[in-house]
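The values are calculated or read from the model by the stated rules, or taken from the named source; none is laboratory data. None of these values were measured; they are calculated from a predicted model. Here Cβ is always computed from backbone atoms with ideal geometry, including for glycine, and neighbour counts include all displayed protein chains. When the accessible area is computed, the model is the full protein with side chains, heavy atoms only, and any ligands, DNA or RNA have been set aside. Shrake-Rupley method; radii C 1.70, N 1.55, O 1.52, S 1.80 Å.
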Amino acid sequence: MKCLIVDDEPIAREILEGYIDDTPGLTIMASCSSGIGALKFLREEKQRPDILFLDVKMPGLSGMELLRTLEQPPAVILTTAFPDYALEGYDLSVTDYLLKPFSFERFLKAVQKAEKKMKDNPEAGGGGVLLIKADKKTWPVKTDDILFIESAGDYVTVHTSEKKITAYGTLRDMENQLPASFMRVHKSWIVSMRAIEYLEGNTLMVKGSRVPIGKTYRDSVQGWLKGE
């Protein structure tokens, strides 16, 4: 899951960066020192993070003000030294509220809440654009339009309902750019969870296409289908 940190305190950003680096499955999308800087980053990148770690009190544009500007906010975890904002945060449907200073254990609990929220609602992750370079062209592909991605050797093929694009690269590179609404189901396949129709044996039906499930991924796929 891609994380965006927004906090005007350097030490607070360093702590969160360390926690994220120590947590498997999390990557840092960016670490911003102001709400204005974060807003600029989001508009320029045109990709949403899966988790937003957001300080409340910041000069220029506060965390709450930034949150209100987001049409489709990701899972938001507020980080602040001021408990007075808890009620307002929950009114804005934040996922969790971390009161500084917080431990690594408390951080992990907040991340688990964000993971559960995205499992319950895969639409919560997504809405970004993947830039794919192929045939001397750059193709902007909305992540919401991607059905699945398969790899073969040094190439990956991105399948949408309308087209497929083959580009030089690895599945790991693609996986790091995708939101939490995508799932690795095989060493050579990633699928959009919202595009899965049903499971049959060791195969997933994804909008009319059959995608194999690798042995090491079967438990996680079945767990997701059961809502675990």
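All of Thr203, Thr216, Thr170 fail the test of being under 21 Å from Ile132 (Cβ atoms) and at pLDDT 85 or above, apart from Thr170.
Conditions tested, residue by residue: (1) in contact with a strand residue (DSSP E or B) (Cβ under 6 Å, 6 or more places away or on another chain); (2) of a type in the set (D, E, K, R).
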| residue | (1), (2) |
| --- | --- |
| Ala12 | no, no |
| Asp21 | no, yes |
| Cys32 | yes, no |
| Glu44 | no, yes |
| Phe53 | yes, no |
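In the set (1) free of Cβ contacts under 8 Å to residues at least 60 places away in the same chain; (2) among the polar types (S, T, N, Q); (3) open to solvent by 70 Å² or more (accessible area, probe 1.4 Å); (4) within 22 Å of Lys116 (Cα to Cα), Thr138 fails one condition alone, (4).
Checking each residue in the stretch 1-48 for being over 19 Å from Lys109 (Cβ atoms), under 14 Å from the mean Cα position of the chain (by Cα) and part of a loop (DSSP other than H, G, I, E, B) picks out Lys46, Gln47, Arg48.
Annotation note: of Ala110, Ala75, Ala134, the sole residue that is over 25 Å from Glu9 (Cβ atoms), modelled with pLDDT of 85 or more and small (Gly, Ala, Ser) is Ala134.
For the stretch 82-97, indicate whether the set of residues that are open to solvent by less than 40 Å² (accessible area, probe 1.4 Å), in contact with a strand residue (DSSP E or B) (Cβ under 9 Å, 6 or more places away or on another chain) and either at pLDDT 90 or above or among the acidic types (Asp, Glu) (or both) is non-empty. Yes - at least one qualifying residue is present in the stretch 82-97.
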